[in-house]
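Colleague: Have a look at the structure that comes next, please.
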Amino acid sequence: MKAVLFEKHGGPEVLHLAEVSDPVAGPGEVVVDIHAASVNAADYKVRLGGGAYSSGGVKLPHILGRDFSGVVSAVGPGVTDLRVGDPVFGVCDQGIEGAYAEKIAIKAAIIAKKPDGLGHAEAAAMALTSLTALWALEDTAKLKAGETILIQGGAGGVAGFAIQLAKHIGATVITTASQRNHDYVKKLGADKIIDYTTTDFTTLGQTCDVVFDTVGGEVQSRSYSVLKQNGRLVWIAGGEAGFKSDRADVQVLRPKVDRDRAHLERMAELLEAGAVWPPAITRYKLADAAEAHRVSEGRHLQGKLVLTVR
Ligand SMILES: NC(=O)c1ccc[n+]([C@@H]2O[C@H](COP(=O)([O-])OP(=O)(O)OC[C@H]3O[C@@H](n4cnc5c(N)ncnc54)[C@H](OP(=O)(O)O)[C@@H]3O)[C@@H](O)[C@H]2O)c1
């Protein structure tokens, strides 16, 4: 099969299409013929030698890619709930990647049937983003109707799903985005949009029950100041080195984002109910993964970047 490989850490140009061996379904696994794989911010961080793998290192050559949508083409021993021909989508287990490829072997228990009517590109785009947003807002922040949430980076992948989810829960949603993304985040349901390039979001004062930070760095440091007494700061992007908040009353929470079928099915249920819908998607061919990485690394995309594989 063909896959996007990189053999040394570096810029997007290290990504190249190569022929590699087909995966085999082990016990409890299926092989999925991938139709679409999404590009996540984590991918360029790994390519640069950092991210989740900076401590252990990635064994090179490596295939990136954490989520995908496709069709089951082989079933391993012990798998009884998926069959060859089933359209499925999913997210690789923690510490495992490999979706920038024509095929992937993956534990059947952590993937789900693709909702009917949802295209492969859309399902791939919604896999890790929905899983992360669900773990962050439902399982970790335990966001409630009537609460106010500030979602940092509203036009991004995870944040875009989070805006829809928070509105569905019944929260008031404030988000930050540059001007060109305001119509987009408004359509997703944001009640108030702050153009962070012209307005300091800390002028909100202590008005938020929850901040969901998908931007990180100094944005995270400044987010403490908009939380009400005993508010919750939920973060998925790294904070500022050496920063210490003086808000001892605030709970700081990092969602664990385990991979499981239940959260993917929860996303499908929300989709079916009309509570969430696919993000804006920019498509690239698998061979053009380097170009998609340039855009991802630029940190100002709208919605999701998706590699179409077949
Ligand atoms: N399991 C996990 O913990 C997990 C899972 C997924 C992602 N993550 C991490 O979460 C972060 C977000 O991932 P993602 O894939 O959702 O990101 P993304 O889609 O790449 O986000 C890019 C967005 O960030 C916005 N942005 C950039 N700087 C901003 C700022 N200063 N203020 C407000 N918005 C800003 C941009 O909008 P504008 O053009 O409007 O600036 C753009 O739409 C990444 O660090 C990623 O590694 C963690």
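Colleague: Which log10 I(q)/I(0) values, to two decimals, does region 97-219 give at q = 0.09, 0.10, 0.13, 0.23 Å⁻¹ under the Debye formula with one point per Cα?
Modeller: For region 97-219, the Cα-only Debye profile gives -0.29, -0.36, -0.57, -1.35.
Colleague: Which one, Leu253, Ala289, Gly303, projects farthest toward the positive side of the charge dipole computed for region 246-310 from Cβ point charges (K/R +1, D/E -1)?
Modeller: Looking along the dipole axis, the top candidate is Ala289.
Colleague: Taking every Cα atom in the chain, find the radius of gyration and the maximum pairwise distance Dmax, and write them in Å.
Modeller: 19.2, 58
Colleague: Right, next: Determine the distance separating the Cα centre of region 219-268 from the Cα centre of region 121-199; give it in Å without decimals.
Modeller: With region 219-268 and region 121-199 each reduced to a Cα centre, they are spaced 14 Å.
Colleague: With +1 on each Lys and Arg Cβ and -1 on each Asp and Glu Cβ, and nothing else charged, work out how big the dipole of region 84-226 is about its Cα centre, in Debye to the nearest 20.
Modeller: Values: 12 positive and 16 negative charges, 42 e Å.
Here the size comes out at about 200 debye.
Colleague: What does region 179-310 give for Rg and for Dmax, in Å, if only its C-alpha atoms count?
Modeller: According to the Cα coordinates of region 179-310, Rg and Dmax are 17.5, 52 Å.
Colleague: May I ask you to derive the relative contact order of region 92-241, considering only C-alpha pairs under 8 Å and at least 6 residues apart, and to give it as an integer percent?
Modeller: Values: 246 pairs, mean separation 27.8, N = 150.
Computed value for region 92-241: 19 percent relative contact order.
Colleague: Let me spell out the model: positive unit charges on the Cβ of Lys and Arg, negative unit charges on the Cβ of Asp and Glu, origin at the Cα centre of region 51-143. What dipole size does that give, in debye rounded to 20?
Modeller: Values: 8 positive and 10 negative charges, 38 e Å.
The dipole magnitude comes to about 180 debye.
Colleague: Would you compute, from DSSP H runs of 4+ residues alone, the mean residue ellipticity of the chain at 222 nm, taking -39500 (n - 2.57) per run and dividing by the full residue count, rounded to the nearest 500? Walk me through the numbers on the way to the answer.
Modeller: On the way: 7 runs with 70 residues, N = 310.
Taking each H run of at least 4 residues, the total per residue is -6500 deg cm²/dmol.
Colleague: What number, in percent, do you get for the relative contact order of the chain if the mean sequence gap of Cα pairs under 8 Å and at least 6 apart is divided by its residue count? Walk me through the numbers before you get to the answer.
Modeller: Values: 738 pairs, mean separation 63.3, N = 310.
Taking the mean separation of contacting Cα pairs over the length of the chain, I get 20 percent.
Colleague: Taking the dipole about the Cα centre of region 13-101, with the C-beta of Lys and Arg at +1 and of Asp and Glu at -1, give me whichever of Ser69, Cys92, Val20 is farthest to the positive side.
Modeller: With unit charges placed on the Cβ atoms, the residue in question is Cys92.
Colleague: If you don't mind, another one. In vacuo Debye scattering of region 7-74, one point per C-alpha: log10 I(q)/I(0) at q = 0.14, 0.22, 0.28 Å⁻¹?
Modeller: Rounded to two decimals, the profile gives -0.53, -1.09, -1.25.
Colleague: Over the heavy atoms of Trp277, what accessible area does a 1.4 Å probe trace out, to the nearest 10 Å²?
Modeller: Roughly 100 Å² of Trp277 is accessible to a 1.4 Å probe.
Colleague: Of all accessible surface on the chain at a 1.4 Å probe, what whole percent is carbon and sulfur? If you can, show how the numbers build up before the last one.
Modeller: Numbers: 6560 of 13020 Å².
So the carbon and sulfur contribution to the accessible surface is 50 percent.
Colleague: Another question about this same structure. Would you mind telling me the antiparallel percentage of the DSSP bridges in the chain, rounded to 5? Could the numbers behind the result be given before it?
Modeller: Details: 31 of 56 bridges.
Percent antiparallel among DSSP bridges in the chain is about 55.
Colleague: Mind putting a number on the dipole of the chain about its Cα centre? Charges go on the C-beta only, +1 for Lys and Arg and -1 for Asp and Glu, and I need it in Debye to the nearest 20. Display every interim value, and only then the final one.
Modeller: On the way: 34 positive and 36 negative charges, 54 e Å.
Charge dipole, the chain, about its Cα centre: 260 debye, nearest 20.
Colleague: What accessible area per residue, rounded to a whole number of Å², is obtained for region 1-131 using a probe radius of 1.4 Å?
Modeller: Working: 5100 Å² over 131 residues.
Accessible area per residue, region 1-131: 39 Å².
Colleague: Give me the angle, in degrees from 0 to 90, between the Cα long axis of helix 289-298 and the longest principal axis of the Cα atoms of the chain, rounded to the nearest 10.
Modeller: 10 degrees
Colleague: Still on this model: All other residues with a Cβ under 12 Å from the Cβ of Thr129 taken together, and with Lys, Arg as +1 and Asp, Glu as -1, what is their net charge?
Modeller: Numbers: positive: Arg66, Lys304; negative: Asp67, Glu122.
Once positives and negatives cancel, what remains is 0.
The values are calculated or read from the model by the stated rules, or taken from the named source; none is laboratory data. Owing to the predicted nature of the structure, the values given are computational and were not obtained by experimental measurement. All Cβ positions, even for glycine, are placed from backbone atoms using ideal geometry, and neighbour counts span all protein chains on display. We work out accessible area using only protein heavy atoms, side chains counted, and drop any ligands, DNA or RNA first. Shrake-Rupley method; radii C 1.70, N 1.55, O 1.52, S 1.80 Å.
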